[in-house]
1. Give the residues of the range 151-186 that are within 13 Å of Gln207 (Cβ to Cβ), free of Cβ contacts under 8 Å to residues at least 60 places away in the same chain and hydrophobic (A, V, I, L, M, F, W, C), sorted by residue number.
2. Are any of the residues in the range 180-191 more than 17 Å from Val113 (Cβ to Cβ), at pLDDT 95 or above and under 60 Å from the mean Cα position of the chain (by Cα)?
3. Glu225 is checked against (1) within 60 Å of the chain's Cα centre (by Cα); (2) without any contact (Cβ under 8 Å) to a residue 24 or more places away in the chain and fails just one. What number does that condition carry?
4. Any residue at all in the range 157-169 that is part of a helix (DSSP H, G or I) and buried (at least 20 other Cβ atoms within 10 Å of the Cβ)?
5. When you check Val203 against the structure, is it surrounded by 15 or more Cβ atoms within 10 Å (Cβ to Cβ), among the β-branched types (Val, Ile, Thr), farther than 25 Å from Val148 by Cα and touching a residue at least 40 places away in the same chain (Cβ under 8 Å), yes or no?
6. Is it the case that Ser211 is farther than 13 Å from Trp117 by Cα, surrounded by 13 or more Cβ atoms within 10 Å (Cβ to Cβ) and among the hydroxyl-bearing types (Ser, Thr, Tyr)?
7. With Ala218, Ala179 as the choices, which residue is under 21 Å from Asp132 (Cα atoms), in contact with a helix residue (DSSP H, G or I) (Cβ under 7 Å, 6 or more places away or on another chain) and small (Gly, Ala, Ser)?
8. So which residues in the range 220-235 are of a type in the set (Phe, Trp, Tyr) and in a helix (DSSP H, G or I)?
Amino acid sequence: MNRRFLALALAGVLSLSLLSACGGSQEPAPETDTPAVESPTGTPETEPTPTPEETGLPETTPPAEESPSEEPSDTPSTAPSAKPSEPPASSAPSTQPTPTPAPVEPEPTVDVVQSTWNAISQLDIPSLSDVDADTLSALYGISTDDLVSYVCKMPSISVQATEFFIAEVKDGKMDAVKAAVEKRQADLVQQWSQYLPEQLELVENYQLVTSGNYILFAISEYADEAVSAFNSYTN
């Protein structure tokens with residue numbers, strides 16, 4: 001058996017040797033003669049363009065290209081500056097005429113006594129001075145303890161008889177205060193009857209009115225107007 005395998009192996013080796021020997025002795029393939037195409041070495045000559053002298057035609061100069069003329073533009077070079085915006089006209093506030101208020105009765109600014117005097121002081125009366133509590137007691141015989149408030153005015157000079165007494169009297173004291181005022185008027189009649197008759201006439205035409213706890217005594221050419229003012233605040 002071993003000998004048989006060895007024989008086979010040797011046969012294979014010999015076969016491979018033969019094959020390799022045949023492959024190395026192959027001749028190269030014969031070259032084929034293919035005619036090469038020769039490219040022309042020179043460019044074909046072009047015929048020269050005949051000159052005007054040769055052709056006999058007049059020489060023409062090509063017109064020069066004219067650049068388009070710049071036409072003046074209607075658009076201004078610079079945009080006009082915008083007008084400053086004007087502030088809106090302020091509309092005048094509609095003012096309607098204020099209706100005239102209907103006349104009303106005067107109201108006291110402080111109290112009835114002071115308000116009455118304020119109205120009287122607007123009349124064309126001479127300059128008058130205030131009468132203090134002591135003078136009131138001496139001339140009228142009235143104590144301020146019997147009064148809530150009062151205004152008493154007398155002339156600054158002794159040639160005028162104009163005089164006013166306005167007061168709010170405490171409860172139960174009106175009769176005593178009124179009697180004191182009447183005595184004051186009687187004293188003035190006697191005083192002016194010996195002095196100036198025209199002033200005596202004012203004293204004799206005096207006004208003495210009461211309304212509730214209020215009293216007015218007026219010696220003046222405007223005594224009636226003083227009573228109207230007194231009534232407007234007390235009635």
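1. Phe165, Val181
2. no
3. (2)
4. In the first step, residues of the range 157-169 are kept if they are part of a helix (DSSP H, G or I); the result is none.
No, the range 157-169 has no match at all.
5. Numbers: surrounded by 15 or more Cβ atoms within 10 Å (Cβ to Cβ): yes; among the β-branched types (Val, Ile, Thr): yes; farther than 25 Å from Val148 by Cα: yes; touching a residue at least 40 places away in the same chain (Cβ under 8 Å): yes.
Yes, satisfied.
6. Values: farther than 13 Å from Trp117 by Cα: yes; surrounded by 13 or more Cβ atoms within 10 Å (Cβ to Cβ): yes; among the hydroxyl-bearing types (Ser, Thr, Tyr): yes.
For Ser211, the condition - farther than 13 Å from Trp117 by Cα, surrounded by 13 or more Cβ atoms within 10 Å (Cβ to Cβ) and among the hydroxyl-bearing types (Ser, Thr, Tyr) - is met.
7. Details: Ala179 fails: in contact with a helix residue (DSSP H, G or I) (Cβ under 7 Å, 6 or more places away or on another chain).
On inspection, the qualifying residue turns out to be Ala218.
8. We begin by selecting, within the range 220-235, every residue of a type in the set (Phe, Trp, Tyr); these are 222, 230, 233.
Once the filter is applied, which keeps residues that are of a type in the set (Phe, Trp, Tyr) and in a helix (DSSP H, G or I), the range 220-235 yields Phe230, Tyr233.
The values are calculated or read from the model by the stated rules, or taken from the named source; none is laboratory data. This one's a predicted model, so the numbers in the text were calculated from it and none came from an experiment. Heads up, the Cβs are rebuilt from the backbone with ideal geometry, glycines too, and the neighbour counts pull from every protein chain shown.
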